[in-house]
Ligand SMILES: NC(=O)c1ccc[n+]([C@@H]2O[C@H](COP(=O)([O-])OP(=O)(O)OC[C@H]3O[C@@H](n4cnc5c(N)ncnc54)[C@H](OP(=O)(O)O)[C@@H]3O)[C@@H](O)[C@H]2O)c1
């Protein structure tokens with residue numbers, strides 16, 4: 001029997017505590033699968049006396065995770081604290097510096113500092129593993145890096161935030177408003193007290209930036225991700241989308257072409273029969289198009305204690321087995337600088353809802369603004385009559401460039417009969 005893999009766990013919250021629990025519960029199974037036991041020999045968190053439902057009796061306690069990363073005689077440090085900077089980053093850097101492998105679930109850290117950390121890890125001959133940072137329990141990092149290693153993937157799209165998907169799914173199923181469902185999600189623990197990271201698309205963008213690097217072999221460039229959240233999605237948009245044969249999802253899309261890499265997170269109308277449309281509730285899903293394998297889809301729970309701990313422990317198992325894979329599918333030195341394709345160059349159809357005064361000639365004005373921007377209308381719906389009031393006009397367009405669409409939206413917003421800025425949602429048919 002090989003000697004145990006000694007593990008130090010920094011952070012004993014939702015993910016950290018469950019990781020320690022999983023390792024204890026599956027000790028025998030993991031020993032068989034790794035060819036050696038996994039031994040949690042040190043832990044660190046803020047409050048030593050908090051009841052975490054764990055027996056930490058024989059495990060060395062550190063108040064300071066950075067000191068633990070340096071001093072504990074561990075082969076692997078698990079960083080499960082969170083935050084892109086500060087103590088989480090310091091702990092990872094310290095561990096790498098003294099030659100310990102690092103496993104983290106921290107998407108913000110990898111999205112912002114993943115290249116530097118990966119470079120340091122490779123120079124030190126240790127692993128930086130982050131399966132749990134993208135789509136929680138769905139093994140999509142491994143799938144892209146290993147399972148699809150033989151393919152060129154030029155486009156990937158995903159539902160990367162369970163909170164947003166829960167809200168949008170519930171809005172469609174119940175017809176209720178965004179604010180009401182968000183409050184309910186907070187009550188059930190599907191949304192944070194401060195939900196902005198999730199509903200403003202930042203969490204999904206962190207994950208997308210990591211997936212882009214893995215998929216295209218380029219450096220991680222979080223700043224280059226175009227980000228829109230779901231706050232502006234109205235119950236009537238969900239209803240109109242359904243009538244038109246679509247669902248609204250918050251998508252992360254990354255595409256690689258001769259013009260560069262375009263990364264974007266925004267709500268999108270997806271056809272009801274598209275594979276990604278079947279990903280509902282708190283689930284995450286990723287669809288990748290490989291040139292030899294064709295379409296592949298990965299789906300499962302993107303957050304929560306069990307799914308995230310499952311991914312963390314999978315990375316630990318790899319290390320225990322002695323398996324080392326280049327951090328982002330290729331060594332960090334081989335990652336190419338990212339050539340950004342601006343959002344203005346996105347080409348596709350659009351959904352536009354305009355709230356207008358209910359009087360003759362309004363539709364012609366809107367159609368004129370689109371015509372003047374060289375955009376052709378695919379379908380138009382005008383519902384209800386409100387004498388002297390405001391009614392929605394909903395249009396879908398044929399394929400056009402984002403820059404033209406933005407021009408048209410400015411013209412439409414400036415019309416006297418238009419009551420509020422138009423709501424535009426991109427349509428993603430592939
Ligand atoms: N929760 C999920 O579903 C999920 C899913 C995927 C990825 N992740 C990622 O996993 C990581 C952890 O998330 P989480 O939900 O488990 O967070 P959490 O429940 O807030 O736990 C954070 C832990 O870090 C400890 N901590 C905070 N500051 C510390 C400090 N200065 N020194 C020592 N310990 C400190 C806390 O200690 P105390 O307990 O003593 O306060 C706590 O145990 C994050 O990067 C997150 O993005 C989470």
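Read the figures in this text as sums done on the coordinates, not as results from a lab. All of these numbers come straight from a predicted model, not from anything done at the bench. Glycine also receives a Cβ, built like all others from the backbone with ideal geometry; neighbour counts cover every protein chain displayed.
If I model a spin label as a point 7 Å beyond the Cα along the Cα-Cβ vector, how far apart are those points for residue 323 and residue 259 in nm?
3.9
So between residue 347 and residue 236, what do we pick up on full extension, going 0.36 nm a residue minus the alpha carbon distance? Spell out each step's value before the answer.
On the way: separation 111, 0.36 × 111 = 39.96 nm, distance 2.52 nm.
Net length gain for the segment: 37.4 nm.
Could you work out how far helix 202-216 tilts from the main Cα principal axis of the chain, as a 0 to 90 degree angle to the nearest 10?
Tilt of helix 202-216: around 70 degrees.
Once label points are set 7 Å from the Cα along Cα→Cβ at both residue 51 and residue 84, what is their separation, rounded to one decimal in nm?
Label-label distance for residue 51 and residue 84, simple model: 3.8 nm.
Let's test the formula: R0 of 35 Å, r as the Cβ-Cβ distance of residue 293 and residue 380. What FRET efficiency results, to the nearest 0.05? Walk me through the intermediate numbers first.
Numbers: r = 40 Å, r/R0 = 1.13.
With R0 = 35 Å, the Cβ-Cβ based efficiency is 0.30.
As I understand it, the value is the acute angle between the Cα axis of helix 14-25 and the longest principal axis of the Cα atoms of the chain; what does it come to in degrees, rounded to 10?
Rounded to the nearest ten degrees, it is 50.
Calculate how steeply helix 107-124 sits against the longest principal axis of the alpha-carbon atoms of the chain, using the helix alpha-carbon long axis, and give the answer as 0 to 90 degrees to the nearest 10.
For 107-124 against the chain, the angle is about 40 degrees.
Once you keep just the Cα pairs under 8 angstrom separated by 6 or more residues, what percentage relative contact order results for the chain? Could you put the intermediate results ahead of the total?
Details: 930 pairs, mean separation 68.0, N = 430.
The normalised contact order for the chain reaches 16 percent.
If you count, for each residue, the other Cβ atoms within 10 Å and average over each peptide, how do 246-258, 370-382, 294-306 line up from highest to lowest?
On the way: 246-258: 21.5, 370-382: 15.2, 294-306: 17.5.
The peptides rank, most packed first, as 246-258, 294-306, 370-382.
Beta carbons within 10 angstrom, averaged per residue: use that to sort the peptides 395-406, 337-348, 45-56, highest first. Let's see the in-between values first.
Values: 395-406: 17.9, 337-348: 15.0, 45-56: 12.1.
Highest mean packing first, the order is 395-406, 337-348, 45-56.
When ranked by the protection proxy of mean other Cβ atoms within 10 Å per residue, highest first, what sequence do the peptides 409-419, 8-18 form?
Details: 409-419: 15.7, 8-18: 24.4.
Averaged packing, sorted descending, gives the order 8-18, 409-419.
What value, in deg cm²/dmol to 500, does the helix sum -39500 (n - 2.57) over DSSP H runs of n ≥ 4 give at 222 nm once divided by the residues of the chain? Walk me through the numbers before you get to the answer.
Numbers: 13 runs with 148 residues, N = 430.
Using -39500 (n - 2.57) per qualifying helix, the result is -10500 deg cm²/dmol.
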